[in-house]
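The values are calculated or read from the model by the stated rules, or taken from the named source; none is laboratory data. What you see is a predicted model, and the numbers here were worked out from it, not measured in a lab. Every residue, glycine among them, receives a Cβ derived from its backbone with ideal geometry; neighbour counts consider all protein chains shown. Accessible surface is based on the protein model in full, side chains and every heavy atom, while ligands, DNA and RNA are left aside. Shrake-Rupley method; radii C 1.70, N 1.55, O 1.52, S 1.80 Å.
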Amino acid sequence: MKRLLLLIALSVLSVSAFAQFPLGATKEEIKTYFGENVSYANVQEFKTANGTEALCFTKVRVIGDYTFLFNFEGVCTSYIETYDKKDMNEVVWRFDRKFCRLGTTIWGDEDNSYNVTLVANPKKGANFISIIYKPVAPAATSTLASN
């Protein structure tokens, strides 16, 4: 029982650390990280409909993948992780304990640097759910001019 609790605690902590890592990382840094730390079945590079580059690692023995999206400078601007639809309750439970719930399907990290959004029905009839990690846009600030 103690091992199970320790495993759950480490999983939750690793989700937070991993969530912060890819945002702002380069494609090579992400490839190196996955090569050293994450088991995956295959990797695919492609361009999205709007022409940005993407990198997708397919999970081993379970439904899901990690897809990283890069800006034109080659920096990860957001990423999507997919899970089997049957894992939705566990994912929501885990995110409710690690992040601050901002809405029905949105969580924020404690530093307010990125948001996590659950997309429960990414496609009609899909057997997976998507989690999107995206940086929080900086708040607009205004300055007053003085003479």
Report yes if T58 is in a strand (DSSP E or B), open to solvent by 30 Å² or more (accessible area, probe 1.4 Å) and of a type in the set (S, T, Y), otherwise no. yes
List pairs: first residue in region 47-68 and on the phi < 0 side of the Ramachandran plot and free of Cβ contacts under 8 Å to residues at least 60 places away in the same chain, second residue loosely packed, with under 13 Cβ neighbours inside 10 Å and not basic (K, R) anywhere in the structure, Cβ distance under 6 angstrom, at least six positions apart or on different chains. A54/F46; A54/T48; L55/E45; C56/Q44; T58/A41; T58/N42; V60/S39; V60/A41
Which of the residues spanning region 22-60 are of a type in the set (K, R) and within 23 Å of A120 (Cβ to Cβ)? K59
Qualifying positions in region 111-147 - in a loop (DSSP other than H, G, I, E, B) and either modelled with pLDDT of 95 or more or closer than 23 Å to F68 by Cβ (or both): D111, N112, S113, A120, N121, P122, K123, A126, N127, V136, A137, P138
How many residues of region 75-101 are surrounded by fewer than 13 Cβ atoms within 10 Å (Cβ to Cβ) and either hydrophobic (A, V, I, L, M, F, W, C) or in a loop (DSSP other than H, G, I, E, B) (or both)? The answer is 1
If we scan region 112-128, do we find a residue that is out of contact with any strand residue (DSSP E or B) (no Cβ under 9 Å at 6 or more places or on another chain) and basic (K, R)? yes
